[in-house]
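What follows is a single structure, and I will ask about it in a moment.
The values are calculated or read from the model by the stated rules, or taken from the named source; none is laboratory data. The model shown is predicted, which means the values in this text are computed figures rather than measured ones. Note that we place each Cβ from the backbone using ideal geometry, even for glycine, and neighbour counts take in every protein chain shown.
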Amino acid sequence: MDRPPSVINGNDGAVLSVLFALHAPSNPVVLDATYGKGVMWKKVDCRPWRNDIAPDLDTDSHYDFRHFPAEWADRFDVVVFDPPHITEVGVNARLARGNPYGLRDVNGRALAEVDVAHLFPAFLREAQRVLRPGGVIFAKIKDGVHRSRFRWLSHDFKVAAEQYGMTTCAPIIKVDPHAGRIQGSNWGQVDHPRTMHTWWLTVHNGDLCVARKNRSKVRHAPTATSPSIARTA
């Protein structure tokens, strides 16, 4: 494939197609930890295991992404993570009805949180556990202003991943010209620019930024009991 650009003007499906071509093995086993309604997968040549905590969604499972089943260990080549970007909305806001873009608990009730950074470590711990050695996380993370502060969630996610010994590598920036057009009385005074971009971060379950090299290192690593026997991924 041609070397893709680091900035893509388009939708999430276009970004995912590039990320799979760059980092995933052939016929990968994929977990979408926050599937929602699966809009981003419509034009992607891959069918993930569909997980979402909301019980009313048509998915394969409804686990909290901080607590996957024990038997999922070392099962997936790719974990996709798209956490809520609008974590709380005012009662009179256009998006307030059911808070469709925000956090929800196991019963489907909306939760009010300032941001989701505190959820990253628990997710990353579980993602690393269910990933095969050399696997990758594709995480859609959006920075933005909330409660008069800029929330650097992309930085928070990177720091959390590195605390678990994973490697965050070259991101892709998705630019959506239709993003951020929130209307309401709170937006009468303009205090900051409209955020039109989203980070797609690639986190490797290994110490290199090339997935195939991480997988190869594992395949050729000798076991503790028999140096002549290679461990398989």
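Kindly indicate which of 153, 95, 124 is at pLDDT below 85, farther than 24 Å from residue 14 by Cα, surrounded by 13 or more Cβ atoms within 10 Å (Cβ to Cβ) and hydrophobic (A, V, I, L, M, F, W, C). Break it down stepwise before answering.
Numbers: 153 fails: farther than 24 Å from residue 14 by Cα; 124 fails: at pLDDT below 85.
So the residue among 153, 95, 124 that is at pLDDT below 85, farther than 24 Å from residue 14 by Cα, surrounded by 13 or more Cβ atoms within 10 Å (Cβ to Cβ) and hydrophobic (A, V, I, L, M, F, W, C) is 95.
So, one more: So which residues in the stretch 37-65 are basic (Lys, Arg) and either assigned to a loop (DSSP other than H, G, I, E, B) or farther than 19 Å from residue 17 by Cβ (or both), if there are any at all?
Of the residues in the stretch 37-65, the ones basic (Lys, Arg) are 37, 42-43, 47, 50.
Result: 37, 42, 43, 47.
Considering only the stretch 3-11, I want to know if a residue exists there that is in contact with a helix residue (DSSP H, G or I) (Cβ under 7 Å, 6 or more places away or on another chain) and under 20 Å from residue 123 (Cβ atoms).
Taking every residue of the stretch 3-11 in turn, none turns out to be in contact with a helix residue (DSSP H, G or I) (Cβ under 7 Å, 6 or more places away or on another chain) and under 20 Å from residue 123 (Cβ atoms).
Looking only at residues that are among the hydrophobic types (A, V, I, L, M, F, W, C) and touching a Gly at 6+ places or on another chain (Cβ under 6 Å) in the stretch 1-54, which one is modelled with the lowest pLDDT?
Filtering the stretch 1-54 for residues among the hydrophobic types (A, V, I, L, M, F, W, C) gives 1, 7-8, 14-16, 18-22, 24, 29-31, 33, 39-41, 44, 46, 49, 53-54.
From what's left, touching a Gly at 6+ places or on another chain (Cβ under 6 Å): 40, 44, 54.
Details: 40: 93, 44: 93, 54: 83.
My answer is 54.
OK, next. Based on what the data block shows, is residue 33 closer than 24 Å to residue 129 by Cβ, out of contact with any Pro (no Cβ under 8 Å at 6 or more places or on another chain) and aliphatic (A, V, I, L, M)? Spell out the reasoning first.
On the way: closer than 24 Å to residue 129 by Cβ: yes; out of contact with any Pro (no Cβ under 8 Å at 6 or more places or on another chain): yes; aliphatic (A, V, I, L, M): yes.
The answer is yes for residue 33.
Can you tell me how many residues within the stretch 66-83 are under 11 Å from residue 35 (Cβ atoms) and either part of a loop (DSSP other than H, G, I, E, B) or of a type in the set (S, T, N, Q) (or both)?
So the count comes out to 1.
Between residues in the stretch 195-215 that are farther than 15 Å from residue 168 by Cα and residues that are part of a loop (DSSP other than H, G, I, E, B) and among the aliphatic types (A, V, I, L, M), which pairs lie under 6 Å by C-beta distance while being six or more apart or on different chains?
These pairs meet every condition: 196/179; 215/233.
Hey, another quick one. Can we say residue 78 is out of contact with any Cys (no Cβ under 6 Å at 6 or more places or on another chain), within 25 Å of residue 213 (Cβ to Cβ) and modelled with pLDDT under 95? Full working, then the answer.
Values: out of contact with any Cys (no Cβ under 6 Å at 6 or more places or on another chain): yes; within 25 Å of residue 213 (Cβ to Cβ): yes; modelled with pLDDT under 95: no.
So residue 78 does not fit the description; no.
Among (1) modelled with pLDDT of 70 or more; (2) over 25 Å from residue 9 (Cα atoms); (3) among the β-branched types (Val, Ile, Thr), where does residue 210 come up short?
It is condition (2) that residue 210 fails.
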